[in-house]
Structure formats: structure tokens, C-alpha cells
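Everything on this sheet refers to the single structure shown next.
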Amino acid sequence: MGGLFLAFCLAVGSEPGKGWPLFAMDTGNGSPELLAELGYSGQSGTLNGNAKAVLEHRKRLQAHGLRMEAVYCGAELTREGLKVDPALSATMAGLAKSETVIWLYITSKSFMPSDLEGDRMAVEGLKKLALEAAGHQLKVALYPHSDFWVEKASDAIRVAGLVNEPNLGLTLNVCHALNKGEGDQLVELASKAGDRLYLVTVNGAKKGGKAWNELIMPLDQGDLDLGPLLGQLRRQGYKGVIGFQAYGIAGDRKQVHQGTMDAWKRMSGKVH
């Protein structure tokens, strides 16, 4: 079943309303067997200094007809430069020529979140990283994360534009956008990101929510309307992938992922 679904996803590409595939973030702890059964396109991985573990995770996904859509990894911005996870080079070599995106979050003890003073050092380091990734035919997407140096989608758009490399783009994370006051700008942010938008993560949420358990819910819960965002992605010809952000969601794994996939099929099928 997983192999048939993968072939289907590859055939339709990212077309809302025509089987737009959805992957699951590994933070949701869904097993490859479960994700294949429910029709997810794949899963993300997390690099914590262990390239071997990431590549083994990818093999487990492939055995079920799934893709590793992205690898979440970190970098620290200092006044001396950008220090990336030391295992990233080996990871990229192992992922060479695949569709896996390097999902990069950037923390800093030297610069406050969104501090423009860090731009010069960040751009210098990101250009080097983009060049290395290009040598493996891979893309890098900045991952905005609350309270990190790149914490807003608008930060990622700014930095990616300054780097200006063809294989470096960004992610639009709905939950982090909500947390940082960008929730009413999702359509505008997607439009501004344009072709540099490589990934989008979605989830259910409570309008006006403050706590993370109100900002990250299964897709079949909450009252957040993702229709306008999906419509914008459709209009701008979005070619990236979309993932289910499941960090911290409690409950039965099958119920969480099944409810989300059912909701995704309904909402993506309504996009025009």
C-alpha cells in the first residue's frame, strides 16, 4: 500500500485538491507502518549529531514506501560565525540526490531573536552551507522557531533573500507564526516567500490560543481555517511539501494521525 501511495504522490505532485500529499513530522512519534497505512507521503527526521541514525531512519521509511521529506537540524549563530551540527556534512553525503530537504533552525546566544545585527554572519555561513548542499543536489530550508534567532517567517524570508542562493529557502510553520503574532499574515507570508517556500507545516489550532496545546492540535480539532493559506499556495503554484506538525500532541497515535489525515483530505480537496 505504501509503495502504491508513493507512486500516486509522485504522479500528482503538489496539487491542492488533487491528492496534495501530507507527511508527518517525527515529533508525532508515528511509526512508518502506521503512516504508510494511513496514506502519509513520509516523515521528517531529526539530526542530533548522529548521521547514522538519520540514514537508518530513512531506510525504515523507504521499506514502507515512504520518503524522508526533511531532516531537522540545528545551527548556532555566534559573533565568530555560523556553527552547524557537526554531523550535517555526513548526513548530506548520505542523502545526496534525494528529495530530502535540510530543515535548519538557528539559535543564538550572541544575538536576540530577529536581531538584524546577526544577518551578516548568518548570511556568510548560510552561503557556505548552501554551496555544500548544492554539491549533493540538496535544498536547505530555514525553519522559523519561536525564541530562536530566526523565529518568525518574516525573518526567514529576509535572511533567505539576503543569502540569495537557488537552493536555500524557508519553511512556513503555522504554529510558530501563530505564536509570534503572524497568524493573520499567513497568506501574505506565503506570497512574499514565493519560490523560496520549500515546506509548510500545518496543524489544528484554537483561534486566539496562547498555550502550545492550543496552538498545536490534530488537524481535525480547533477552529483555525487553513483554507485561505492553501488557496494562496495553489494560486502561486507551490511545489514544496506539507507536513503535519504534531509536537507535544498527546493521545493515541493512530487516532491523532487518522483524524489529521481525514481532515487533510477534506480540506485539501476543497482548495481551488
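The values are calculated or read from the model by the stated rules, or taken from the named source; none is laboratory data. Note that this is a predicted model, so its numbers are computed, not measured. Don't worry about glycine lacking a Cβ; one is built from the backbone with ideal geometry, like all the others, and counts go over all protein chains shown.
Specify the residue that is nearest to PHE111 (Cα to Cα); the eligible residues are those in the stretch 28-62 that are in contact with a Pro (Cβ under 7 Å, 6 or more places away or on another chain) and not polar (S, T, N, Q).
GLY49
Assuming VAL271 fulfils every condition listed in (1) farther than 24 Å from MET68 by Cα; (2) surrounded by 17 or more Cβ atoms within 10 Å (Cβ to Cβ); (3) of a type in the set (A, V, I, L, M); (4) modelled with pLDDT of 95 or more apart from one, which condition is it?
If we test VAL271 against (1) farther than 24 Å from MET68 by Cα; (2) surrounded by 17 or more Cβ atoms within 10 Å (Cβ to Cβ); (3) of a type in the set (A, V, I, L, M); (4) modelled with pLDDT of 95 or more, just (4) comes out false.
Could you give me the residue pairs with C-beta distances under 7 Å whose first residue belongs to the stretch 118-130 and is touching a residue at least 24 places away in the same chain (Cβ under 8 Å), whose second residue is among the polar types (S, T, N, Q) wherever it lies, and which are 6+ apart or on separate chains?
GLY118/SER108; ALA130/ASN167
Here's the yes/no breakdown for (1) part of a loop (DSSP other than H, G, I, E, B); (2) polar (S, T, N, Q); (3) closer than 19 Å to THR100 by Cα; (4) at pLDDT 95 or above:
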{"site": "LEU126", "(1), (2), (3), (4)": "no, no, yes, yes"}
{"site": "LEU131", "(1), (2), (3), (4)": "no, no, yes, yes"}
{"site": "GLN137", "(1), (2), (3), (4)": "yes, yes, yes, yes"}
{"site": "VAL140", "(1), (2), (3), (4)": "no, no, yes, yes"}
{"site": "SER146", "(1), (2), (3), (4)": "yes, yes, no, yes"}
{"site": "GLU151", "(1), (2), (3), (4)": "yes, no, no, yes"}
{"site": "ILE157", "(1), (2), (3), (4)": "no, no, no, yes"}
{"site": "GLY161", "(1), (2), (3), (4)": "no, no, no, yes"}
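Can you tell me how many residues in the stretch 80-124 are touching a helix residue (DSSP H, G or I) at 6+ places or on another chain (Cβ under 9 Å), outside any loop (DSSP other than H, G, I, E, B) and closer than 26 Å to LYS52 by Cβ?
Count: 14.
Output the residues belonging to the stretch 250-272 that are farther than 24 Å from LEU170 by Cβ, touching a residue at least 40 places away in the same chain (Cβ under 8 Å) and not in a helix (DSSP H, G or I).
Of everything in the stretch 250-272, those that are farther than 24 Å from LEU170 by Cβ, touching a residue at least 40 places away in the same chain (Cβ under 8 Å) and not in a helix (DSSP H, G or I) turn out to be GLY269, LYS270, HIS272.
If you go through the stretch 190-204 one residue at a time, how many are touching a residue at least 40 places away in the same chain (Cβ under 8 Å), surrounded by 15 or more Cβ atoms within 10 Å (Cβ to Cβ) and over 25 Å from ASP262 (Cβ atoms)?
Selection size over the stretch 190-204: 3.
If you take the residues in the stretch 241-255 that are in contact with a Gly (Cβ under 7 Å, 6 or more places away or on another chain) and aliphatic (A, V, I, L, M), which one is nearest to HIS176 (Cα to Cα)?
Once the filter is applied, the top-ranked residue is ALA246.
Taking the options ALA193, ALA177, ALA133, name whichever one is over 21 Å from VAL71 (Cβ atoms) and aliphatic (A, V, I, L, M). Show your work before the answer.
Working: ALA193 fails: over 21 Å from VAL71 (Cβ atoms); ALA133 fails: over 21 Å from VAL71 (Cβ atoms).
Residue meeting the stated conditions: ALA177.
Residues in the stretch 28-75 that are in a strand (DSSP E or B) and either surrounded by fewer than 17 Cβ atoms within 10 Å (Cβ to Cβ) or hydroxyl-bearing (Ser, Thr, Tyr) (or both): how many?
3
Identify, by number, the condition in (1) touching a Lys or Arg at 6+ places or on another chain (Cβ under 6 Å); (2) surrounded by 21 or more Cβ atoms within 10 Å (Cβ to Cβ); (3) farther than 29 Å from ALA24 by Cβ that VAL101 doesn't meet.
Tallying (1) touching a Lys or Arg at 6+ places or on another chain (Cβ under 6 Å); (2) surrounded by 21 or more Cβ atoms within 10 Å (Cβ to Cβ); (3) farther than 29 Å from ALA24 by Cβ, VAL101 fails exactly one: (3).
Kindly indicate whether VAL187 is among the aliphatic types (A, V, I, L, M), surrounded by 19 or more Cβ atoms within 10 Å (Cβ to Cβ) and in contact (Cβ under 8 Å) with a residue 40 or more places away in the chain. Working first, answer last.
On the way: among the aliphatic types (A, V, I, L, M): yes; surrounded by 19 or more Cβ atoms within 10 Å (Cβ to Cβ): no; in contact (Cβ under 8 Å) with a residue 40 or more places away in the chain: yes.
When the stated conditions are applied, VAL187 does not pass them.
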